[in-house]
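The values are calculated or read from the model by the stated rules, or taken from the named source; none is laboratory data. Computed from a predicted structure; not experimentally measured. For neighbour counting, all protein chains shown are included, and Cβ atoms are generated from backbone atoms with ideal geometry for every residue, glycine included. Remember, those area values only see protein heavy atoms, side chains included, never the ligands or the DNA or RNA. Shrake-Rupley method; radii C 1.70, N 1.55, O 1.52, S 1.80 Å.
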Amino acid sequence: MLQIESRAFARDHDLFACVQCGKCTGGCPMTLKTKLNPRSLILRLLTAGNGFDLEPFPELWDCTTCSTCAKRCPKQVSPMEMIIGLRSAIVEKGAVHPNVKAALESTFRHGNPLSLPREQRGAWATDLGVKHYTAGMEYLYYVGCTPSYDPRGQKVARALVALFSKAGVDFGILGNDENCCGSEVRRLGEAGLFEMMVEDNTGAYKELGVTKMFTTSPHCYNVYRNDYPKDGMQVQHYTQILAGLVADKKITFSGSLDKTVTYHDPCYLGKHNGIFDEPRAVLKAIPGLKLVEMDRSREKSLCCEGGGGRMWLEGTNPATRLAMMRVQEAVETGAQVLATACPFCVLMLDEAVKTLNLEEKIQVLDVAEMAAQAL
Amino acid sequence: MTATDVRKPAALIIGGGIAGIQSALDIADAGFKVYLVERSPSIGGRMSQLDKTFPTLDCSACILTPKMVDAGRHPNIELLTYSEVTEVTGQPGAFHAQIKKKPRYVDVDKCSGCGLCAAACRLTGKVSSDFNAGMGKRAAVYVPFPQAVPLKYTVDPNECIFLTRGVCGKTFKCKDACTAGAINFDQKEEFVEVEVATVINATGFDVFDATRRPELGYGGYPQVITTLEFERLASASGPTAGRISLNGNLPRRVVFIQCVGSRDVGLGAPWCSRVCCMAVAKQAHLAHERLPGAEITVFYIDIRAFGKGFEEFYDRVRHEGVLYRKGMPSEVLRRGDHLVVRAEDMLLGEMVDVEADLVVLAVGIAPRKDATQVAEMLHLRQDESGFFAEDHPKVRTVESSQPGIFLAGCCQGPKDIPDTVAHAKAAASAAMILLAQTEKAMVTSYAAN
Amino acid sequence: MALTPRIGVYTCHCGINIAATVDVKAVAAYAATLPGVVVSREYTYMCSDPGQGLIQKDIREQNLNRVVVASCSPRMHEPTFRAAVSEVGLNPYCFEMANIREQCSWVHPAGDLTTHKAMQLVASAVAKAALLQPLEQRSASVTPGALIIGGGIAGVQAALDIAEAGFEVTLVERSPALGGHVAQLHRTFPTLEPTTDFLQPLIDRATQHPRIRILTGSEVVGLGGFVGNFKVSVRQGEDTSEIAVGTIIVATGFDAFDASRKPELGYGQYPQVITTADFERLAARGEIQVNGKKPQRVVFIHCVGSRDQAIGNAYCSRVCCMVSAKQARLVRDYLPEAEVNVFYMDVRAFGKGFEESYDDVRKSGVIYRRGNPSEILRRGERVVVRAEDTLLGQPIEVEADLVVLAVGMTPSRGTDVVAGLFKLARSSDGFFMEAHPKLRPVETSMAGIFLAGACQGPKDIPEAVAQARAAAAAAMIPLMRGTVPVEAAISSVDEELCAGCGQCASLCTFGALSLHPTRGVMTVNGVLCQGCGACATACPSGAINLKHFTFDEVMAQLEVVTGWAAPVTALQPREEQAVEA
């Protein structure tokens, strides 16, 4: 039994505002493969009196926090935040999936969810001559856990460094001193750990005198921009700066990429923060590149299932993978490259291409990688 | 602007609710004489029975009483309360009407509205008050509510011991108490004849008789009441001075049930009554405000929050914690000292039993029981639902089937207050056109003579 | 006029609206102790007949020369009480209100602090009342004509009523033809009759009416004057002319919501997705087709751009449920083989004949599914609608050949322009704001300017027509009376102090101040001045005073409020009210 006080919970999350229209469930990507039904959950919480048992709802861990529900709700209810809140309640009772437990503990101990040592966090950059961040530098480049540690992710970080160095952008990294941003910690419901991380990180950036920051991952961008206190620090995703550099001709492409490319909008860049045009602007500026759009583009983009802690959670229906559906959609456009701008999307889509044996047909690349290639 | 210009044509308005009052004020402001006839002792109608109005939560009396006072004081309006129109003949521009003035048994010139008679009456606190929808009591001599216009007492001929049995003890308590000598049991009904150019019918509505849905327990369980009765409980001028209590107890669980006597083909009431979704939202809000900590549930089929500010008010009420559940309850049963409402919650897809201390039925708006009599008197067509038929459903909703006789307000179909006011003004416009044309014809013929 | 004030103070309970949070009896008792007050009473509803009667009786019997009522906002009942005191011979400007409801009992919790605030407000009003002077009420004549802006069904109907009543009407319409949006409808609910059947006769009557002058292809570009004496500039092509009228009705209608603002629904991307407005045109041509083929499944979607806080339109557009029902029925009539689904959140079939029509539509085979679709995707030659059927409790995908979006109503483009020109207020939904949402649905805050039709809020044809006639009634009244009262609380210039600098005139939005040609001082046009007070605050010499709000009166009020101390009286002992920082 995992009981919560449903009445107080419903009030705290403004669930009474819901008119049960079903738009959330109708647009939720997880309803394509699981029992997750946000609308029904809301009504159950509202009508449960006081005392609602969360145990019969394993689908709570299927949610990728893509925010489709919250963005489309006509009454401004956020079923996504409700699910995060329910996860919080479960976490508080210690009833967490073992994979998640490991990731959370690792984040606490080692500053990353991958159970890898702090001392290796900056290793990817040693031979690149990237400056360590000091006060007075224009930007802090916040690399993130996946681009720091994961070999596939490191390629993106290296590409980014090459691009911004070429453009003469004044930036530094924290290397081994960089700590996880906590985005997935919060989405997994570990509110206490997240609060601690916010305090630590905010303190660190203040001491370092950071005023502007850009990130590799839309998840890090989102959490620093929207969940951390507004401390006057300006946060951007790298595509926003890159698009500006391209438009101002501070970066020009002497090479070309003669490929048909389709772009997958990462949920945390697109749906969450409305950034659709900048990545496309960069791609369109690359000579020889032909950009085609999938039907599910922009606000209708199909979630890759990487967010909301899903990098560590298989969910209730591991056999079906939305990333595989997404790769099929990309192939159908005739594209040779499936471009995106998020390390989680890169990993999920890459894996899907391999699972489907489509490596000959289509390649998954981050926008940074493509831009760096065309330099 | 003089009220005594014999040549100026006049209008007759039947019904002194907000529709009749609004039409009267417009026509009178334009300079024409108006006879405003109301069958009950005071003008004000249904709106005077309401506590607060949606979506603004204006207190109904606060916005109505100034209009009532204006109508009572307007030099061009002759108020005939406690009167009924008995006959109308003639044609547009030249109608002849007969009005019966029922005896109040109180001399209105002497009565100051002090209320000593009612306090002294042998039946004080024993007669069911219609104004309070049967939730409160009054004496046999009464004013319907404290802000009545005119504020004159009336003896109820169906309750007064003297009038029903011929003798009231050794002495008339009311007469003894009255210092102005206003009680007069020798009064008789009087008939007056008036000549008018136009008639506006603004006779209003009745509510659905909830005993016709016996499975909901109205009439059987004291904890089941109608929205009209709830309104009286919530009203500062009501039997509990605004305290929403039953038998002295404040309910902790309130359940509202929409569409009782509306959208019901089997009961002969297929129409939507238009106002009940919002009326219930308002009452749910009042319950939330006055019964802290109470659980409030509304069972509905659709929520028709269509007007200006309505959806926003519906949003507000849900934010306050009122729970809306889609499903039409099939029955209300007793469980110990409280009730249980059985329904299918269609969105959960499950049967539910919701416990309640108070169940409020949103009764529909229906044509008045005497609508057919009025229709016959005025030769008006009624539509299938029994409301008065308009000449064209889109562009002539104030014209009746009789030229020169117009319709205003709920007698033509359910409306909320803003719709009623607009409709009444539209009827006034139509009437003013006829009055202006009649006046012109009169002037022309006078000049020609 | 130096006289000894004899002030009567009347504190209202307003049922429980004031009495539940303010100790009305204590306020009335306190008022009795104020300088100049000879009688102080309290009553449940001061605005009612008996309440007004109390005031009138005291004026007569106690020779009151000033009256203060402590109750609701003057916007509610100042006219009521002014009329009441004038009836017994007291100048209405010798009356003052203290707002202890909207500004006190309705915004504070019950307790001593709230009661004390009410006392301060009353004391302040009494201090002002002692200094009030009677003002002369005058009237101005009315130009016997009306102007109607907008030639849709509301404008046309209003024009007909006013013209039939015997007055000249000018009807200004920006497009080349009359009829507005209604003219674009093929059929109307709930009867499904052809629109032209009832619309054309109205338009014909208006165009042929001897007293109606119609200016199509024209726009209002300027407004001057005041009620009874408006001067309106109208531009037609290159020419601008000035029209003098007594009253104005604004009937500028609505625009349909731009469905491309909901990109996830695919309007503008997929040819299979159209709006209800588009459908009406297809139906009028008798061709309900997509890509040259008859659709086999048609899906209607309610509430596109309405009831949607995500897009900033929280309001309901009122007509779309019935429009969809009507069009769904038409599909069933024209294409009996086609399957028709309607996705809804609620079915708002509230008007006369609507529910019965909804019953009929369902009987004709239209399937109603409860759920607000989340997105529309392409699937080959068709599209697929993704939603949850909330009554089945399951997410669904419905393939369709044609999807019709029931777009809502939004304020028309012209609304901004007209609002600016006429200084009309807007409600939070962007439509024009009526003077009072319940009891004054056609009046605006500008005297003599009325609203008709959808510019005030979404409505269907019977409501637009009724409201147009209501506006006509309101607009006719000043025309029939021939005069309008003129504001008495206006500015006055002390010529000894005035230097003729003209700063006041530059601020005056009503053009009421001008330099006297020979005396070198500013003069106030008593008819144009609306008593806003801007000039009085701006005058560097302090030469302008606003009658009924003189410097002395306002200073007296401020001194009372700033120097106020709670009375040490036998108030019932209560818990100290906590002060919230």
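Translational D (Stokes-Einstein, µm²/s) of the stretch C:468-536 at 10 °C and 1.306 mPa s when Rh comes from the Kirkwood sum over C-alpha pairs? Don't jump to the answer; show the numbers that get you there.
Working: Rh = 13.9 Å.
Reported coefficient: 114 µm²/s.
Can you give the Rg/Rh ratio of the stretch C:28-73, where Rg is from the C-alpha atoms and Rh is the Kirkwood radius?
On the way: Rg = 10.5 Å, Rh = 11.2 Å.
Here Rg/Rh amounts to 0.94.
How large is Rg/Rh for chain B, to two decimals, with Cα atoms and a Kirkwood Rh?
Numbers: Rg = 23.4 Å, Rh = 23.4 Å.
Ratio of gyration radius to Kirkwood radius: 1.00.
Does the stretch C:364-475 come out rounded, prolate or oblate by the C-alpha gyration tensor, with a ≥ b ≥ c the root eigenvalues, rounded set by a/c under 1.5 and, if not, prolate when a/b is larger than b/c and oblate if not?
Prolate, since a/c reaches 1.5 and a/b exceeds b/c.
Applying a 10 Å radius around every beta-carbon, put B:400-409, A:341-350, A:172-181 in order of their mean neighbour count, most first.
A:341-350, B:400-409, A:172-181
Once you charge only the Cβ atoms, +1 for Lys and Arg and -1 for Asp and Glu, what is the size of the charge dipole of chain A about its Cα centre, to the nearest 20 debye?
Numbers: 42 positive and 43 negative charges, 160 e Å.
It comes to approximately 760 debye.
If the reach is capped at under 16 angstrom between alpha carbons, list the lysines near C:Lys25, excluding any in the same chain fewer than eight residues apart.
In chain and number order, the partners are C:Lys117.
Would you kindly compute the Cα radius of gyration of the stretch C:415-526 and its largest Cα-Cα separation (Dmax), both in Å?
Both quantities, over Cα of the stretch C:415-526: 19.1, 60 Å.
For the stretch B:181-255, what number results from the quotient of the Cα radius of gyration and 2.2 N^0.38 Å? Show your work: numbers first, answer last.
Working: Rg = 20.4 Å, N = 75, 2.2 N^0.38 = 11.3 Å.
Compactness ratio reported: 1.80.
Taking every residue in C:382-394, how many Cβ atoms of other protein chains lie within 10 Å of its Cβ, on average? Numbers along the way, then the final one.
Values: counts 0, 1, 1, 1, 8, 6, 14, 3, 15, 6, 2, 11, 7.
Neighbouring Cβ atoms belonging to other protein chains average 6 per residue here.
Tell me the Rg and the Dmax, in Å, that the Cα atoms of the stretch B:224-347 produce.
Answer for the stretch B:224-347, Rg first and Dmax second: 14.6, 43 Å.
Tell me, which cysteines of chain B are without a disulfide-compatible partner by the Cβ under 4.7 Å rule?
B:Cys111, B:Cys114, B:Cys121, B:Cys160, B:Cys168, B:Cys178, B:Cys259, B:Cys272, B:Cys276, B:Cys277, B:Cys410, B:Cys411
Given just the C-alpha atoms of the stretch A:93-193, how large is their convex hull per residue in cubic angstrom? Can you show the working numbers first?
On the way: hull volume 11.0 nm³, N = 101.
Considering the Cα atoms of the stretch A:93-193, their hull volume per residue is 109 Å³.
Total Å² of accessible surface buried at the B-C contact, 1.4 Å probe, nearest 100? All intermediate terms of the calculation are to be shown ahead of the outcome.
On the way: alone 20150 and 27110 Å², together 41040 Å².
In total, chains B and C hide about 6200 Å² from solvent.
Just the Kirkwood number for the stretch A:207-335, please: inverse of mean 1/r across all distinct Cα pairs, in Å, one decimal. Don't skip to the answer; put the middle values down first.
Working: mean 1/r = 0.0603 Å⁻¹.
Final number for the Kirkwood radius of the stretch A:207-335 is 16.6 Å.
For the stretch C:1-40, what is the Kirkwood estimate of the hydrodynamic radius, computed as the reciprocal of the mean inverse distance between distinct Cα atoms, to one decimal in Å? Before the final figure, lay out each step's value.
Numbers: mean 1/r = 0.0902 Å⁻¹.
Result for the stretch C:1-40, one decimal place: 11.1 Å.
Mind giving me the nanometre distance, one decimal, between the label points for B:Arg290 and B:Asp391, set 7 Å out from Cα along Cα→Cβ?
With each label point 7 Å from Cα toward Cβ, the separation is 4.4 nm.
Output needed for the stretch C:237-315: three equivalent-ellipsoid semi-axes, defined as square roots of 5 times the C-alpha gyration tensor eigenvalues, in descending order, whole Å. All intermediate terms of the calculation are to be shown ahead of the outcome.
Details: eigenvalues 248, 83, 30 Å².
That gives 35, 20, 12 Å for the three semi-axes.
Roughly how many nanometres apart are two label points built 7 Å out from the Cα toward the Cβ at C:Asp255 and B:Leu246?
5.2
Rounded, prolate or oblate, given the Cα gyration tensor of the stretch B:309-417, with a/c below 1.5 counting as rounded? Display every interim value, and only then the final one.
Values: a/c = 3.27, a/b = 2.14, b/c = 1.53.
Prolate, because a/c is 1.5 or more and a/b exceeds b/c.
If you line up the Cα atoms of the stretch C:200-252 on their principal axes, what length do they span on each, largest first, in Å?
Its Cα atoms span 35, 28, 21 Å along the three principal axes.
With 32 Å as the cut-off, how large is the P(r) tail for chain C, expressed as percent of Cα-Cα pairs?
Values: 101084 of 168490 pairs.
Value for chain C: 60 percent of Cα pairs lie more than 32 Å apart.
Scan the stretch B:325-400 for GluC sites (Glu not before Pro) in coil per DSSP, keeping those whose Cβ has at most 14 other Cβ atoms within 10 Å, and list them by number. Please list the in-between numbers first.
Values: sites: B:Glu331, B:Glu344, B:Glu350, B:Glu355, B:Glu376, B:Glu384, B:Glu390, B:Glu399; in loops: B:Glu384, B:Glu390.
Sites meeting the loop and neighbour criteria: B:Glu384.
Using only DSSP helix segments of four residues or longer, with each worth -39500 (n - 2.57), what per-residue ellipticity at 222 nm results for the protein assembly as shown after dividing by its residue count and rounding to 500?
Values: 40 runs with 436 residues, N = 1405.
Computed ellipticity for the protein assembly as shown at 222 nm equals -9500 deg cm²/dmol.
Relative contact order for the stretch C:264-372 using alpha-carbon pairs under 8 Å, separation at least 6, rounded to a whole percent?
Working: 130 pairs, mean separation 26.9, N = 109.
Once divided by the residue count of the stretch C:264-372, the mean separation gives 25 percent.
Put +1 on the Cβ of every Lys and Arg and -1 on every Asp and Glu Cβ in the stretch A:1-149; which of A:Tyr149, A:Leu41, A:Gly122 then has its Cα farthest towards the positive end of the dipole?
Farthest along the dipole direction, towards plus: A:Leu41.
Could you work out the relative contact order of chain B? I mean the mean sequence separation of Cα pairs under 8 Å and 6+ apart, divided by the number of residues, in percent. Kindly include the intermediate steps, with their values, before the conclusion.
On the way: 973 pairs, mean separation 82.0, N = 449.
Relative contact order comes out at 18 percent.
So how long is each side of the stretch C:87-154 along the principal axes, counting just the alpha-carbon atoms, biggest first, in Å?
56, 36, 19
Per residue of B:388-400, count partner chain C-beta atoms within 10 Å of its C-beta, then hand back the mean as an integer. Don't jump to the answer; show the numbers that get you there.
Working: counts 0, 0, 2, 0, 6, 11, 17, 15, 5, 7, 4, 0, 0.
Mean shielding count: 5.
Given B:Lys67/B:Lys152; A:Lys166/A:Lys212; A:Lys75/A:Lys101; B:Lys52/B:Lys101; A:Lys300/C:Lys326, which pairs have Cα atoms separated by over 23 Å?
Details: B:Lys67/B:Lys152 18 Å; A:Lys166/A:Lys212 19 Å; A:Lys75/A:Lys101 35 Å; B:Lys52/B:Lys101 33 Å; A:Lys300/C:Lys326 31 Å.
Violating the 23 Å limit, Cα to Cα: A:Lys75/A:Lys101; B:Lys52/B:Lys101; A:Lys300/C:Lys326.
Over the Cα atoms of the protein assembly as shown, compute the convex hull volume and normalise it per residue, giving Å³. Write down the numbers at each step before the final one.
Working: hull volume 323.4 nm³, N = 1405.
Convex hull of Cα atoms, per residue: 230 Å³.
For chain A, what value does the Rg/Rh ratio take when both radii are computed over Cα atoms and Rh is the Kirkwood radius, given to two decimals? Numbers along the way, then the final one.
Working: Rg = 20.6 Å, Rh = 21.3 Å.
Reported Rg/Rh (Cα atoms, Kirkwood Rh): 0.97.
With +1 on each Lys and Arg Cβ and -1 on each Asp and Glu Cβ, how big is the dipole of chain C about its Cα centre, in debye rounded to the nearest 20?
Numbers: 52 positive and 60 negative charges, 106 e Å.
I would put it at about 500 debye.
What area, in nm² and to one decimal, does the C-alpha convex hull of the stretch B:1-114 cast on average over all directions? Intermediate results must be reported in sequence, preceding the final value.
Working: hull surface 35.2 nm².
That works out to 8.8 nm², a quarter of the Cα hull's surface.
Accessible area of A:Trp124, 1.4 Å probe, to the nearest 10 Å²?
Rounded to the nearest 10, that gives 10 Å².
Leaving out ligands and nucleic acids, note down the accessible area per residue over the stretch C:1-130 with a 1.4 angstrom probe, in whole Å².
Here the residues of the stretch C:1-130 average 35 Å² of exposed surface.
Would you mind working out the accessible area per residue for the stretch A:185-318, using a 1.4 Å probe, and quoting it in Å²?
On the way: 5050 Å² over 134 residues.
Computed with neighbouring chains in place, this is 38 Å² per residue.
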